[in-house]
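Below: one structure, written as structure tokens.
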Amino acid sequence: MLGGIVKKREVLELIEERTKEGKETSFGTLVHELGLSPEAACSHLRRLWRERLIKSADWPSSYGRAAAFHPSIRELDFRITRRGLARLERWKELDEQRGWFSW
């Protein structure tokens, strides 16, 4: 995937899969599994966290509250939230309505 565009949905699906396996996801996981640069991986995590689609296992679930402590996103692990699961479900419903299939 190196050099390709990785969508928010792909990142969220990976986090969902790992959460179901009882694993947490770090920026390093995204770098290794999706071929993202460290900067892109951190950007994805920051955005998903801010949108409350994922939560940190180590800090308050609220991005805003945790941001006040200035934790490095590189030091945190994440798992998917109910809101994140609902977003994935909605995307799948939209795919079905459009006749698209997610492989």
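The values are calculated or read from the model by the stated rules, or taken from the named source; none is laboratory data. In this text, all values refer to a predicted model and were calculated from it rather than measured experimentally. Cβ atoms come from the backbone with ideal geometry, glycine included; neighbour counts cover every protein chain shown.
Assorted remarks:
- With a requirement of 3 or more residues that are at pLDDT 95 or above, the helices (runs of 4 or more DSSP H) lying completely within region 23-78 that satisfy it span 27-34, 38-50.
- Near pairs, Cβ below 7 angstrom, 6+ apart or cross-chain, from region 23-41 (of a type in the set (Lys, Arg)) to any residue that is surrounded by fewer than 20 Cβ atoms within 10 Å (Cβ to Cβ) and part of a helix (DSSP H, G or I): none
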